[in-house]
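Undergrad: Here it is: the structure, laid out below.
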Amino acid sequence: MRPVVIAANWKMHTTPADAGELAVAIAGATRQPGVIRVICPPYLSLDAVRRAVADEGIEVGAQNVHHEASGAFTGEVSAAMLAGLATWVILGHSERRRDAGETDALVNRKLARALASGLRPIVCVGEQLADRDAGTAEAVVADQVRGCLAGLDAETLLAGGLVIAYEPVWAIGTGRTASGADAAAMSAAIRSVLAQVGSPALAEATPVLYGGSVTAANVGEFLIEPSIDGALVGGASLKPDEMAGIVARAAVTATARAVVDAASRPAGGGA
Ligand code: PEP
């Protein structure tokens with residue numbers, strides 16, 4: 001049974017002075033069973049958020065990490081610097097691909113670094129609107145997944161808890177979303193690449209999240225799809241009420257999965 005994950009990407013919002021308060025409000029609004037909650041604030045707010053949610057079962061992630069261990073990289077942040085502050089990391093977000101020129105090859109190096117450093121990676125992929133209009137969305141995303149995972153073996157990716165976030169670029173911050181059916185089709189396409197380049201076990205175990213203008217009102221359209229395992233939430237993740245609705249809906253899916261999982265175990269629960 002794959003876990004249900006709701007990850008909050010706060011982007012370049014909050015300061016160390018106000019991030020803890022927001023994290024506490026979100027924690028209080030999202031106490032639901034069975035859902036992995038992750039907050040990814042800006043680097044400078046990581047410590048405030050970590051302290052604020054220390055007893056809340058909320059995990060903390062960074063929004064990026066450098067691919068080298070250390071060196072002459074002015075303004076960058078290494079995996080070692082994140083130790084004790086974050087246990088997750090978002091990689092290859094489309095805003096970094098757009099603004100920092102990140103390529104699949106670079107994301108691949110960041111992914112290797114994250115895995116070697118014990119940071120659980122959320123690798124972002126997603127097509128442009130022109131790709132979807134041209135009918136090439138699945139091919140584009142499949143190429144991104146292949147590029148991001150190149151040379152990494154299935155066991156390492158499984159052990160590192162790889163998560164993929166499917167985020168159509170045209171849906172991020174626009175108020176537009178993919179349909180649940182399109183997102184589910186993309187999730188299936190992603191899993192078939194994971195099976196080819198990794199293993200069937202990797203494909204089965206890897207959570208695939210949907211991201212792109214997710215709100216409490218529309219998250220159900222995605223979470224009703226068995227192949228979608230949660231959401232990467234941007235704008236709405238800054239609003240405790242929205243997060244309350246999103247995580248409450250995610251808990252419904254997590255509970256349903258737990259019931260199916262229990263029913264599929266052999267009677268007697270033998271070891
Ligand atoms: C994101 O930042 O990953 C995202 C999906 O943003 P939004 O929810 O605002 O579209």
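Undergrad: Would you look at the GNM of the chain, springs on alpha carbons closer than 10 Å, and say which of M12, M186, M243 moves the most?
TA: Maximum fluctuation in the GNM of the chain, among the listed residues, is at M12.
Undergrad: What order do you get for I190, I122 when you list them from fewest to most C-beta neighbours inside 10 Å?
TA: I190, I122
Undergrad: Magnitude of the Cβ-charge dipole of the chain, K/R +1 and D/E -1, about the Cα centre, nearest 20 debye?
TA: Value, rounded to 20: 320 debye.
Undergrad: Would you compute, from DSSP H runs of 4+ residues alone, the mean residue ellipticity of the chain at 222 nm, taking -39500 (n - 2.57) per run and dividing by the full residue count, rounded to the nearest 500?
TA: After summing the helix terms and dividing by the residues of the chain, the value is -13000 deg cm²/dmol.
Undergrad: List H67, H13 from most exposed to least, where exposure is judged by having the fewest other Cβ atoms within 10 Å.
TA: On the way: H67 20, H13 16.
Least crowded to most crowded, the residues run H13, H67.
Undergrad: Whole Å is fine, so just give me how far the alpha carbon centre of segment 57-71 lies from that of segment 37-53.
TA: Comparing the Cα centres of segment 57-71 and segment 37-53, I get a distance of 12 Å.
Undergrad: Oh, and also: Spelling out what I want: for every residue of segment 15-27, take phi, set θ = phi - 60°, compute 6.51 cos²θ - 1.76 cosθ + 1.60 (Karplus), and round to whole Hz; glycine and proline get x.
TA: 10, x, 6, 10, 5, x, 5, 5, 4, 5, 5, 5, 4
Undergrad: Which cross-chain or sequence-distant (5 or more) residues have an amide H under 5 Å from the amide H of V233, H modelled 1.01 Å from N in plane?
TA: Result for V233 returns A7, A8, N9.
Undergrad: Please list, ordered by chain and number, the residues whose modelled amide H lies under 5 Å from the amide H of H93; skip anything fewer than 5 residues away on the same chain.
TA: HN-HN under 5 Å from H93: C124.
Undergrad: I would also like to ask the following. Mind jotting down the distance between the C-alpha centroids of segment 145-208 and segment 108-137, whole Å?
TA: With segment 108-137 and segment 145-208 each reduced to a Cα centre, they are spaced 8 Å.
Undergrad: Please arrange S187, S199 by how many other C-beta atoms lie within 10 Å of their C-beta, fewest to most.
TA: Fewest-to-most ranking of S187, S199: S199, S187.
Undergrad: Taking θ as phi - 60°, what are the ³J(HN,Hα) couplings along segment 145-152 by the Karplus curve (6.51, -1.76, 1.60), each to the nearest whole Hz, with x for Gly and Pro?
TA: Karplus values, whole Hz, x for Gly and Pro: 4, 4, x, 5, 9, 3, x, 9.
Undergrad: Still on this structure: For segment 1-76, state which chymotrypsin sites (Phe, Trp or Tyr not before Pro) are in a DSSP loop and have at most 12 other beta carbons lying within 10 Å of their beta carbon. List each step's numbers first, then the result.
TA: Details: sites: W10, Y43, F73; in loops: W10, F73.
Answer by residue number: F73.
Undergrad: Stokes-Einstein D for segment 154-271 at 20 °C, 1.002 mPa s, Kirkwood Rh over Cα pairs, in µm²/s?
TA: 140 µm²/s
Undergrad: Listed highest first by mean packing, meaning other Cβ atoms within 10 Å per residue, what order do 132-142, 226-236 come in?
TA: 226-236, 132-142
Each value in this text was obtained by applying a stated rule to the coordinates, not by laboratory testing. Bear in mind that the values here come from a model prediction, so they are computed numbers and not experimental data. Heads up, the Cβs are rebuilt from the backbone with ideal geometry, glycines too, and the neighbour counts pull from every protein chain shown.
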